[in-house]
Amino acid sequence: MSLADIKKLREMTALGINECKKALNDSKGDFDKALKVLKEKGAQVMDKKKDRVTSQGVIEAYVHFGGNLGALVEINCETDFVARTEVFKKFAKDIAMQVAASSPRYLKREDVPQEVFAATDDKEQYVKENCLLEQFFIKDNSLTVNDYLKQVVSQTGENVIIKRFTRFSLEG
């Protein structure tokens, strides 16, 4: 295990140095295994917190250069303290940009109406293109938006949810 591996793992996951070091130790220096362990840990943290009330948060706007495309998102968390952190603010901005760039129609797979699924040949591809949480994150296509959300939950220690979003574009 090298300092460079710890740094690289930290940059990829945005988790603390100690967590990255522990993951590398537990995986006997295997970088890919350590990354997998941290992703699984993020999923576990998210599962534990998913039922907690999220009554704080932000409404974030993104307007694309030129002013002909934009998005609004509501991102919620448990406390106003977390809503003011840089991690949370960056996440909200990134998600607003994601919505503007990728034009999702639904938040998650379960939101897609059955009649839409029935009329779709490649259901998995449709979900990846039209469900925000399933889309590849535009700033790092090694992650889905849901993976990014798990990282934010791990970093903040709170339940964080994408409540709703809308995208605007000028026609013609």
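If a residue has to be closer than 21 Å to TYR148 by Cβ and modelled with pLDDT of 75 or more to count, how many in the range 34-56 make the cut?
Of the residues in the range 34-56, 6 are closer than 21 Å to TYR148 by Cβ and modelled with pLDDT of 75 or more.
Return a yes/no flag: does the range 138-148 have any residue that is closer than 18 Å to THR166 by Cα, under 17 Å from the mean Cα position of the chain (by Cα), surrounded by fewer than 16 Cβ atoms within 10 Å (Cβ to Cβ) and not charged (D, E, K, R).
Yes, because at least one residue in the range 138-148 is closer than 18 Å to THR166 by Cα, under 17 Å from the mean Cα position of the chain (by Cα), surrounded by fewer than 16 Cβ atoms within 10 Å (Cβ to Cβ) and not charged (D, E, K, R).
Consider only pairs whose beta carbons are under 7 Å apart and that are at least six residues apart or on different chains; among these, list those whose first residue lies in the range 144-172 and is within 17 Å of SER55 (Cβ to Cβ) and not assigned by TED's automatic domain parsing to the domain that holds VAL37 and whose second residue is acidic (Asp, Glu) and surrounded by 14 or more Cβ atoms within 10 Å (Cβ to Cβ).
As it stands, the answer is GLU158/GLU78; ASN159/GLU78; LYS163/GLU74; ARG164/GLU74, since those pairs meet every condition given.
How many residues does the range 70-129 hold that are free of Cβ contacts under 8 Å to residues at least 40 places away in the same chain, in a loop (DSSP other than H, G, I, E, B) and either touching an Asp or Glu at 6+ places or on another chain (Cβ under 9 Å) or surrounded by 15 or more Cβ atoms within 10 Å (Cβ to Cβ) (or both)?
Count: 3.
Considering only the range 159-171, I want to know if a residue exists there that is modelled with pLDDT of 95 or more, basic (Lys, Arg) and over 19 Å from LEU72 (Cβ atoms).
no
For TYR62, only one of the following conditions fails: (1) out of contact with any Gly (no Cβ under 7 Å at 6 or more places or on another chain); (2) among the hydroxyl-bearing types (Ser, Thr, Tyr); (3) at pLDDT 75 or above. What is its number?
(1)
The values are calculated or read from the model by the stated rules, or taken from the named source; none is laboratory data. Nothing here was measured: the structure is a model prediction, and the numbers come from that model. When we count neighbours, we look across all protein chains shown, and the Cβ atoms used for this are built from the backbone with ideal geometry, even at glycine.
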